[in-house]
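The values are calculated or read from the model by the stated rules, or taken from the named source; none is laboratory data. Note that the structure is predicted; figures quoted are calculated from it, not measured. Counting neighbours? That spans all protein chains shown, and the Cβs are built from the backbone with ideal geometry, glycine included.
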């Protein structure tokens, strides 16, 4: 039920039967690229809208409500405005690096989207090292941030970029180790297999306390990696005006902006896939009526519902907490999260070895 | 946490100087900190003021006393009522007249409402300096209620010019008592929310505790008054030292802490809001009847020198008038609290991180037009 594989197969079957193998491959790649880009842009815009509405609710405001019904087209209008704005060139900036930086940031997040399983069969590429791939690609974004800060030739930007570099490199460890715990449980790095290992229960329920610890650490570190929430030191607007993207304008700024929201989506999607059972519905052991009812909801809704929940949590603490200081941020990672994570990994391995998880 | 200034030969090394301001989100106006950094650590900073100097003292020399109170609004625009009151009290002292009890009561209530409104805005902006954006909307939500009360009685929300030498411009609105009582009841419920959102937060405490330590000696030496000084244990509340208006009639505590870090400067203001509420409660039900304006033939100070100080939301505001008997002052000088409070910032923020500099300048509660006048 609700399996996307036949649809995808029929589309690719049509192309392979109509065109020569080379052309079919090229056309399929273009089609896939357009689909991912379109999805990326629309989702990014509506994440911005969601954030604005949610933070408005938390702050006794209404939020955007003028453009379209309930302000639904506000972010599209903003995008058009950003597209039409003048691109300001900084005279003493390193122009090649300055122009290339936003693309590195956005390409890194687009590439990560490709391997996320949205529903059964709805995954652009199912790598056998999916988790590793996403970790590798998503940490590429920081190169763009560092380049942006350096090339702008602005003092605020450099401080922002250095902060961002230190932060992302440190928190990458925690993200990696937290995911490693779950890889130990599921025994695979392939995202589709991680999901299918959760058919009898999500890892957050099956994995006892270590999975819960890993989930919390993953959320904290993931938020830090996206430069959001209480960890938005790279662009701390009360200290550094706008950090690494101070000097960017128009669509280049929009690229950074969009990439931030999509990185948040990617972090939430990975959390969903690895901890919360991906697109699998919620099941209660041996309660078949309830389970059948849950099965009626299409997996794509399950996936986006869980992702939206994780995103909501991340927005929630962004709009509640003050920002950390850079030394506190690094102390949190190296003194607390990393040791806890390592102990947690040993615990996880022990549990897996003894087959004590459900 | 390093508390010492990093000692390297400044001339030999190339210095990394950033200009925070005149346009910068955390200086709350047109103030410029020329900040020398070493990595993220502030080595020293030089505050530059004067970007919003309007020559209020000089302008006042060509205005009569009732006219010049309108300029005092524009100094510390968050304590407009208290600034008006300071000049009015000074002129009344010079003329040797005393206003009716009704005027005294209303002046005191308005001053305390102003203090609460000012602290609310400070709290909002302080949270924002630390990156907690939601505080801003919580604070402004409640501040609206006070501004509505002001608007009803005085016709203005920010720059009221309501208190004038000899009394008040007009009588307060008939709803005044009801609205103020409602507000006190409302805000007593809302104030604990402030603590829940910020005070108890672990990140907030880590960011403020032990940061920007100001000793009592420093506070006295630099003349840091108001809540910033009281956070260091400096007993400088003019309402207690030289009670004016209706303050002799009310009971309230002077909040002081002996610690002197950013967190305790924060706590002083939070607790002062409770004290202000209690002062208003004591006065609001007993406003006596009486004239709201003295019947004076002409408002002019006799020849001589006069000084009056009051406690604004930020500290001690002194008004010094030199008069030659004319309807306008020969020379008027304001000892504004922010000017004195500003210059301690180099001493207490050197050696801290740049993010702490923002927190410290936020905890001093600077209003820039008051520095420059």
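Can you give me the ranges of the helices (runs of 4 or more DSSP H) entirely in the stretch A:198-245 with at least 2 residues that are more than 30 Å from residue B:33 (Cα to Cα)? First the steps, then the outcome.
Numbers: elements: A:203-206, A:208-225, A:237-240.
Counting at least 2 such residues, we get A:203-206, A:208-225.
So which of A:48, A:67 ends up being under 30 Å from residue B:143 (Cβ atoms) and either at pLDDT below 85 or assigned to a loop (DSSP other than H, G, I, E, B) (or both)?
None of the others qualify; the one that does is A:67.
Can you tell which of A:185, A:205, A:231, A:253 is touching a residue at least 12 places away in the same chain (Cβ under 8 Å), under 21 Å from the mean Cα position of the chain (by Cα) and away from chain B (no Cβ under 14 Å)?
A:253
Considering every residue within the stretch B:141-163, establish whether at least one is part of a helix (DSSP H, G or I), within 14 Å of another protein chain (Cβ to nearest Cβ) and under 17 Å from the mean Cα position of the chain (by Cα).
Scanning the stretch B:141-163 turns up at least one residue that is part of a helix (DSSP H, G or I), within 14 Å of another protein chain (Cβ to nearest Cβ) and under 17 Å from the mean Cα position of the chain (by Cα).
Within the stretch B:325-365, how many residues are assigned to a loop (DSSP other than H, G, I, E, B) and within 14 Å of another protein chain (Cβ to nearest Cβ)?
2
Results for (1) surrounded by 14 or more Cβ atoms within 10 Å (Cβ to Cβ); (2) on the phi > 0 side of the Ramachandran plot; (3) in contact (Cβ under 8 Å) with a residue 40 or more places away in the chain, shown as yes or no for each residue.
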position: A:76; (1), (2), (3): yes, no, no
position: A:80; (1), (2), (3): no, no, no
position: A:127; (1), (2), (3): yes, no, yes
position: A:135; (1), (2), (3): yes, no, yes
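Looking at residue A:272, is it within 14 Å of chain B (Cβ to nearest Cβ), in contact (Cβ under 8 Å) with a residue 24 or more places away in the chain and touching a helix residue (DSSP H, G or I) at 6+ places or on another chain (Cβ under 6 Å)?
Values: within 14 Å of chain B (Cβ to nearest Cβ): no; in contact (Cβ under 8 Å) with a residue 24 or more places away in the chain: yes; touching a helix residue (DSSP H, G or I) at 6+ places or on another chain (Cβ under 6 Å): yes.
Spelling it out, it is not the case that residue A:272 is within 14 Å of chain B (Cβ to nearest Cβ), in contact (Cβ under 8 Å) with a residue 24 or more places away in the chain and touching a helix residue (DSSP H, G or I) at 6+ places or on another chain (Cβ under 6 Å).
Can you confirm whether residue A:121 is over 17 Å from the mean Cα position of the chain (by Cα), farther than 30 Å from residue A:345 by Cβ and away from chain B (no Cβ under 14 Å)?
For residue A:121, the condition - over 17 Å from the mean Cα position of the chain (by Cα), farther than 30 Å from residue A:345 by Cβ and away from chain B (no Cβ under 14 Å) - is met.
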